[in-house]
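What follows is a set of notes on a single structure, which appears directly below.
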Amino acid sequence: MKGILMNALEKLLVVLVGVITIDVIWQVASRYIFNNPSSFTDELAGFLLIWLGLFGAAYVTGRDEHLAIDILPQKLEGKQKRRLQILIYGLVIIFALAVMVVGGINLVYLTFLLEQKSASLQVPLGFVYISIPLSGILICYFSLESILNLQPAKA
Amino acid sequence: MDSIEVLILILSFVILLGIGVPIAYSIGLSAMITLLVSMPSLPALTTLAQRMATALDSFSLLAIPFFILAGQFMNRGGIATRLIDLAKVLVGRLPGGLAFVNIISCMLFGAISGSAVAAASAIGGFMVDRMEKEGYSKSFSAAINITSSTTGLIIPPSNILIIYSLASGGVSIAALFLAGYMPGLLLGMSLMTVAGVWAYVKKYPVGQTAGFQEFTRKTLRAFPSLLLLVIVIGGIVKGIFTATEASAIAVVYTAVLSMVFYKEVRWKDVPGIFIETSKTTAIVMLLIGTSMGMSWVMSFENIPQEVSTALITISDNKYVILLIINLILLCVGIFMDMTPAVLIFTPIFLPVVEDLGMDPVHFGIVMVLNLCIGLCTPPVGSVLFVGVGVAKISIQKVIKPLVPLFLAMLLALLLVTYFPEITLWLPRLFGF
């Protein structure tokens, strides 16, 4: 399951980087070469960056590659190390669950309720913000998976 | 009283960092805990979620993934070796020539790629072996490589200066980029001085003088990479395009250069390059998202004002306060990566120094230069880790040669702090 999700995320990220690149190059070209600045590229790029940042963050969490000061986890061994790692992943889950999933869903709900739309593309902002709870769920899942995969302490 | 919230914020952050929670999540969690104490839960969580997302919705931040992407193309596209060759014909025949070559290559590569870690791995991977073959000690070579890699963060284009521009509420990126040149050169030259003396004492070999023909050939080979700098910086400074547009141009330029002309990157490598780019980008973006959440919480709790009042009660002398701020930032830099440090401490310290009449452009450079030192120190120096990694040497061994280089960096920091002209001369020349 994790493998499938990570694979899908990887493809999504490649597409996002590709689309953002083309989008901004298009903006530069439309302004300097065709003298007809496009109005939507600016906004689209910002939205795609939110998606790239958040889904990328979930991907990096899945690969356990976020920057951390890992002096303490490195020093501990056996049971203590395992307990600390469970605590760390647990704290990550608490953040993702509370802020990204609960706060994010409420944010999406509010923006749909108020029918907030983006200025030039007229996209409901809820679609942009939905990346917050979605990546939050992924972060919870990956961290849970990491806890379950921890090497059991030797007796 | 607010002081309890402040205590909660600082304590929870330090504890979370200390037990090894990833930095971005530590920042987010401590902001969350603090806000939950002073606000009803659902609005607090929703506000934080919104801050995280809106922090990323910024056109100028887009320059970051693009400069990272351009750096990736350069890393794999054979640009590093061409820059090293150029540096060699420039300074190879001075005493300690190869050390100078390492420093200059790092300055050039770091400037073009905007990443100290990329410079440390691309240049170090090549230079440390080369230096060892010619009789330099490995620890000295690695120390040179590690410290000089940070110069690229100050010499433009530089992602961290873009982040500072965001954190400071819109200081001109063009002015910051121009301001980075002289302090970056000063830093490079201070490191070169130490390297020169060290090499002279240890009687390290002097390289051969390059003939005119070779000089021209090597310069021409490196020319396309250097031209990129001219296009990007020239375009931004002249106001022809924004930093983000320039970074997109840099992507096209490096992609064409490494795929069509140097032919060292193939189409099948591109998805991998995109993945690497999105990983590095996401690490930075999550830090930006949660740091902006935290800095919102801090201003909600009036922390910047309280710090500023506290600082002014200690002293109202500009030089003393700048010294205190520098000392605080040095400690911060030892334990924290540069991006969150800039995002969290800019809103706290900038109002204080602006009250003292300091130019925000000047403060940005001082702050980044200061935090560069922390990148080379344990326990969390990312450049240190990459540098010892590519040199295949232990951290303990590299500390001794690092000490004189740190002193050189500190000296450069003091000069840049107390002589604003070093920083502001160039931007003023261009009318900023």
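The values are calculated or read from the model by the stated rules, or taken from the named source; none is laboratory data. What you are looking at is a predicted structure, and each value in this text was computed from that prediction instead of being measured. For neighbour counting, all protein chains shown are included, and Cβ atoms are generated from backbone atoms with ideal geometry for every residue, glycine included.
All but one of (1) closer than 16 Å to B:G184 by Cβ; (2) surrounded by fewer than 18 Cβ atoms within 10 Å (Cβ to Cβ) hold for B:K400, so report the exception by its number.
Unmet for B:K400, out of (1) closer than 16 Å to B:G184 by Cβ; (2) surrounded by fewer than 18 Cβ atoms within 10 Å (Cβ to Cβ): (1).
Residue check: is A:N7 on the phi < 0 side of the Ramachandran plot, at pLDDT below 95 and either in a helix (DSSP H, G or I) or surrounded by 18 or more Cβ atoms within 10 Å (Cβ to Cβ) (or both)?
Answer is yes for this residue.
Looking at segment A:108-129, which of the residues that are within 12 Å of another protein chain (Cβ to nearest Cβ) and part of a loop (DSSP other than H, G, I, E, B) is modelled with the lowest pLDDT?
In this case the residue turns out to be A:A119.
Would you kindly identify the helices (runs of 4 or more DSSP H) lying entirely within segment B:49-156 that contain at least 2 residues that are among the small types (G, A, S) and at pLDDT 85 or above?
Qualifying helices (runs of 4 or more DSSP H): B:63-76, B:97-113, B:116-133, B:138-149.
Please count how many residues of segment B:5-23 are touching a Ser or Thr at 6+ places or on another chain (Cβ under 9 Å) and either of a type in the set (S, T, N, Q) or more than 14 Å from chain A (Cβ to nearest Cβ) (or both).
Of the residues in segment B:5-23, 7 are touching a Ser or Thr at 6+ places or on another chain (Cβ under 9 Å) and either of a type in the set (S, T, N, Q) or more than 14 Å from chain A (Cβ to nearest Cβ) (or both).
Only one of A:I69, A:I105 is within 11 Å of another protein chain (Cβ to nearest Cβ) and either assigned to a helix (DSSP H, G or I) or at pLDDT 95 or above (or both). Can you tell me which?
From the options A:I69, A:I105, the qualifying one is A:I105.
When you look at B:V252, is it at the interface with chain A (Cβ under 8 Å from one of its Cβ atoms) and either part of a helix (DSSP H, G or I) or among the small types (G, A, S) (or both), yes or no?
yes
Go through segment A:51-66 and report how many residues are surrounded by fewer than 23 Cβ atoms within 10 Å (Cβ to Cβ), facing another protein chain (nearest Cβ under 7 Å) and under 13 Å from the mean Cα position of the chain (by Cα).
Number satisfying all stated conditions: 1.
Take segment A:85-115 and flag every residue that is without any contact (Cβ under 8 Å) to a residue 60 or more places away in the chain, farther than 18 Å from A:P133 by Cα and surrounded by fewer than 16 Cβ atoms within 10 Å (Cβ to Cβ).
Across segment A:85-115, the qualifying residues are A:L87, A:L114, A:E115.
Of the residues that sit in segment B:207-236 and are within 22 Å of B:G170 (Cβ to Cβ) and under 20 Å from the mean Cα position of the chain (by Cα), which one is surrounded by the most Cβ atoms within 10 Å (Cβ to Cβ)?
That would be B:V232.
Among (1) touching a residue at least 40 places away in the same chain (Cβ under 8 Å); (2) assigned to a helix (DSSP H, G or I), which single condition is B:I399 missing?
The single condition B:I399 does not satisfy is (1).
What residue, among those in segment B:44-64 that are at the interface with chain A (Cβ under 7 Å from one of its Cβ atoms) and closer than 18 Å to B:K279 by Cβ, is surrounded by the most Cβ atoms within 10 Å (Cβ to Cβ)?
That would be B:L62.
State whether one or more residues within segment B:378-390 are surrounded by fewer than 22 Cβ atoms within 10 Å (Cβ to Cβ) and either away from every other protein chain (no Cβ under 14 Å) or within 17 Å of B:L186 (Cβ to Cβ) (or both).
yes
Taking the stated definitions as given, is A:Q74 of a type outside the set (V, I, T), surrounded by 15 or more Cβ atoms within 10 Å (Cβ to Cβ) and part of a helix (DSSP H, G or I)?
No.
Tell me yes or no: at least one residue of segment A:16-24 is of a type in the set (D, E) and more than 10 Å from chain B (Cβ to nearest Cβ).
Taking every residue of segment A:16-24 in turn, none turns out to be of a type in the set (D, E) and more than 10 Å from chain B (Cβ to nearest Cβ).
So, B:F274, is that one at pLDDT below 90, closer than 20 Å to B:N159 by Cβ and within 8 Å of another protein chain (Cβ to nearest Cβ) or not?
Numbers: at pLDDT below 90: no; closer than 20 Å to B:N159 by Cβ: yes; within 8 Å of another protein chain (Cβ to nearest Cβ): yes.
So B:F274 fails the test.
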